[in-house]
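*Asks:* Can you read through this structure? Questions will come right after.
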Amino acid sequence: MERYDVLLIGTGAANIVADAALAQGRRVAIVERGRFGGTCLNRGCIPTKILVAAANAVCEIREASRIGVRVGGDVSMDWDMVGRRMRHKIDEAPLIQDYYEKFPNVDTYNGTASFVDNHTVAVDLADGTRRELAADTIVIATGARTKVPRVPGLEETGYVTSETFFADAFPAAPYQSLLILGGGPIGCEFAHVFRAAGTQVTLVQHNVRLLPKEEEEVSLFLQTQFRSRGIDLLLNKDTVLVRREGDKKVLRVRDRETGEETEVSADEILVAPGVRPMTELLHLENTDVALDPRGFIQTNEFLETTARGIYALGDVNGFAPFRHKANYEAEILAHNLFEGRAPEDWRWASYDLVPAVTYTYPEAAHVGLTEAEARRQGYAVEVARNHYSAAAKGYALGFEPGAADDGFVKLVLDKGTRHILGVHIVGHEASLLLQPFLNQLTCGVHTVRPIHGDIASPVTARLRALPLTRALDPRSVYTVSETMTPHPSLSEVAQWTRYYYEKK
């Protein structure tokens, strides 16, 4: 059995923890079942946004005549070139493993990890052998994957997910037609990409609207934009069955209100109704780690699990499936465990200011409460709105008052204090417009708030009893590093300057 100071399972945001441990001279083991880099690099944010950038350019060029730009001929996407650019980025994955293998105090393992007990992990290696590893500190960062619904005929007919699409199912050319199951961020982004590429897209959504976690006005605005570009939206529908009919895949849907059943067909089906945690192979039943009813690992504000010495971060703990949130958690662990800080100087996780962006055309972005959520929580709510067309830059970009594509910013406010409860934006570069609010709301004095109060090491119990507080100075470069920024947005260029400052 090999013994380590730190054992990491998963190589996305957990690499931040690995780097901090290495800087302290710890002996580190890194276990990865797939490709290094995690969901974000291999099948998530990064490859998706490379496709989205090309799709955005197509849409912008097609609309350029409204600001006086003439474009000759049809505008189309060079699918081969877009695919090459995407694969070039994904192919950075082996370089990450090469980087870690250069350290004498790191061992990397390509295989599937499963727990033997709280501090022992067996790794079934790709070469068919098995190794047992032990560590006092273990970080689980195995992520999540597509939650495939149980629809009769779906498995027999075949489908793609974001996992297979960015692997061996990436098409040589855009599909002629595509059915997308799921109207959340993943489904909407794929719908945008393929429609811009010339595909006839039908999106089937169980909910009554797209992006149900967004402000309702934002969802309705985006639905209008999708339909104006020829995306067929089937909302409030249950999927009944799937079958193959010649070269087509046929989906039968049932209206959840009327019960009426209809059929739609396409060349391919992309399944994107949500995610489930990658925990089933870990054999956590051999540990004291508790799961919630959905199968996600329960963690507290210090990322502790119910097993002493085992931490979990990223999608696997179920708080928010975003890389920027996982990076935020990884930095907390790096700070607390490997920077020699006294517990009174520890950081903790709070999920009130996790930004969410859907990179469609236009973008939809938010942080905080919707108007309905704020009212349900008992706030006396006021709302402020402003449209793109009201600003000189908005007019310069071609947005006209009352136009269907005139995006907006909506603030949800507490009437008594004028405090911002939520920010909701839909329109051009919404992710950039959201960032100033994130920076503002992150500053100030913060007091620790328990998450899963029953998960508490002796140190955590003491810090809660203080209670632990931290003041984030708006002038400090380090406050910038504790402010989340949507990934991947251009805001990162400014926000991440702090890291390059430290490397000087």
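*Asks:* Normalise the Debye intensity by I(0) for segment 339-481, one equal point scatterer per Cα, no solvent, then take log10 at q = 0.09, 0.12, 0.16, 0.21 Å⁻¹ and round to two decimals.
*Replies:* Log10 I(q)/I(0), no solvent term: -0.39, -0.65, -0.99, -1.30.
*Asks:* Give me the number: length gained by fully extending Asp414 to Glu2, i.e. 0.36 nm times residue separation minus the C-alpha to C-alpha distance, one decimal in nm.
*Replies:* Gain in length upon complete extension: 142.8 nm.
*Asks:* Taking all protein chains in place and a 1.4 Å probe, what share, in percent, of the accessible surface of segment 130-233 do carbon and sulfur account for? Please list the in-between numbers first.
*Replies:* Details: 1980 of 4040 Å².
About 49 percent, which is the carbon plus sulfur part of the accessible surface.
*Asks:* Relative contact order for segment 1-94: what is it in percent, counting Cα pairs under 8 Å that are at least 6 residues apart?
*Replies:* 27
*Asks:* Considering only protein heavy atoms and a 1.4 Å probe, what is the carbon-and-sulfur percentage of the accessible area of segment 353-402?
*Replies:* 52
*Asks:* Next question, about the same structure. Multiply the residue gap between Lys213 and Ser476 by 0.36 nm, knock off their C-alpha separation, and tell me the result in nm, one decimal place.
*Replies:* That pair, Lys213 and Ser476, stretches by 91.4 nm at full extension.
*Asks:* Follow-up. What is the helix-to-structure angle for 14-23, meaning the angle in degrees between its Cα long axis and the longest Cα principal axis of the chain, kept from 0 to 90 and rounded to the nearest 10?
*Replies:* 40
*Asks:* What does the accessible area per residue of segment 155-198 come to in Å², with a 1.4 Å probe and no ligands, DNA or RNA counted?
*Replies:* Each residue of segment 155-198 exposes 34 Å² on average to a 1.4 Å probe.
*Asks:* Under a straight-distance cross-link criterion of Cα-Cα below 25 Å, which lysines are reachable from Lys237, leaving out those fewer than 8 residues away in the same chain?
*Replies:* Counting by Cα, and skipping residues close in sequence, Lys237 has these lysines nearby: Lys147, Lys213, Lys248, Lys249.
*Asks:* Something else now. Rounded to the nearest 10 degrees, what's the angle between the helix 185-196 long axis and the longest principal axis of the chain, both from Cα atoms, 0 to 90?
*Replies:* That works out to roughly 40 degrees.
*Asks:* Quick one: with all protein chains in place, what share of the accessible area of segment 1-57 is carbon or sulfur, to the nearest percent (1.4 Å probe)?
*Replies:* 47
*Asks:* So, in nm, how far is label His88 from label Glu155 when the simple model puts each one 7 Å beyond its Cα toward the Cβ?
*Replies:* Going from the His88 label point to the Glu155 one covers 4.1 nm.
*Asks:* In a shell of Cβ-Cβ distance under 12 Å around Tyr175, excluding Tyr175 itself, what net charge do Lys and Arg (+1) and Asp and Glu (-1) give? Present the calculation step by step, with values, prior to reporting the outcome.
*Replies:* Values: positive: Arg195, Lys248, Lys249; negative: Asp247, Asp267, Glu268.
Here the count lands on 0.
*Asks:* Something else now. How much accessible area per residue does segment 405-463 have, in Å², with a 1.4 Å probe?
*Replies:* 43
*Asks:* Mind ordering 142-152, 298-308 by average Cβ neighbours within 10 Å, highest first?
*Replies:* Most protected by this proxy first, the peptides run 298-308, 142-152.
*Asks:* Can you send over the solvent-accessible area of Ser350, 1.4 Å probe, protein chains only, in Å² to the nearest 10?
*Replies:* Surface open to solvent at Ser350 totals about 40 Å².
*Asks:* Full extension from Asp292 to Asp127: what is 0.36 nm times the residue separation minus their Cα-Cα distance, to one decimal in nm?
*Replies:* Extra length from Asp292 to Asp127 when fully extended: 56.0 nm.
*Asks:* Go through (1) 21, 56, 21, 1; (2) 24, 62, 14, 0; (3) 21, 54, 24, 1 and flag the label whose value is the computed P(r) over Cα pairs in 20 Å bins from 0, in percent for this structure.
*Replies:* Recomputing P(r) over Cα pairs in 20 Å bins from 0, in percent here picks out (3).
*Asks:* Which of the listed residues, Leu303, Val275, Ala126, is farthest toward the dipole's positive end in the chain, when Lys, Arg count +1 and Asp, Glu count -1 at the beta-carbon?
*Replies:* Result: Leu303, furthest along the dipole toward the positive end.
*Asks:* Taking the alpha-carbon distance from Lys393 and a cut-off under 26 Å, which lysines remain once sequence neighbours fewer than 8 residues away in the same chain are dropped?
*Replies:* Lys49, Lys410
*Asks:* How much accessible area per residue does segment 225-321 have, counting only protein heavy atoms and a probe of 1.4 Å, in square angstrom?
*Replies:* On the way: 4310 Å² over 97 residues.
Ligands and nucleic acids excluded, the figure is 44 Å² per residue.
*Asks:* Also, I was wondering about something else. If you take the beta carbon distance between Ala23 and Leu490 as r and set R0 to 25 Å, what does 1/(1 + (r/R0)^6) give as a FRET efficiency, to the nearest 0.05? List each step's numbers first, then the result.
*Replies:* Details: r = 29 Å, r/R0 = 1.16.
Computed FRET efficiency for Ala23 and Leu490 comes out at 0.30.
*Asks:* What is the list of residues in segment 65-95 whose amide nitrogen lies under 16 Å from a point 7 angstrom out from the Cα of Ala172, following Cα to Cβ?
*Replies:* Label zone hits: 79-81, 83-84.
*Asks:* Let me check something: with ligands and nucleic acids excluded, how do Lys237, Lys410 order by accessible area (1.4 Å probe), largest to smallest? Kindly include the intermediate steps, with their values, before the conclusion.
*Replies:* Values: Lys237 35, Lys410 0 Å².
I get Lys237, Lys410, largest accessible area first.
The values are calculated or read from the model by the stated rules, or taken from the named source; none is laboratory data. Computed from a prediction, not measured in an experiment: that's the story for all the values here. With ideal geometry, Cβ positions are generated from the backbone for all residues, glycine too; neighbour counts draw on all protein chains shown. The protein model used for the area step is the full one, side chains on, heavy atoms only, and it has no ligands, DNA or RNA in it. Shrake-Rupley method; radii C 1.70, N 1.55, O 1.52, S 1.80 Å.
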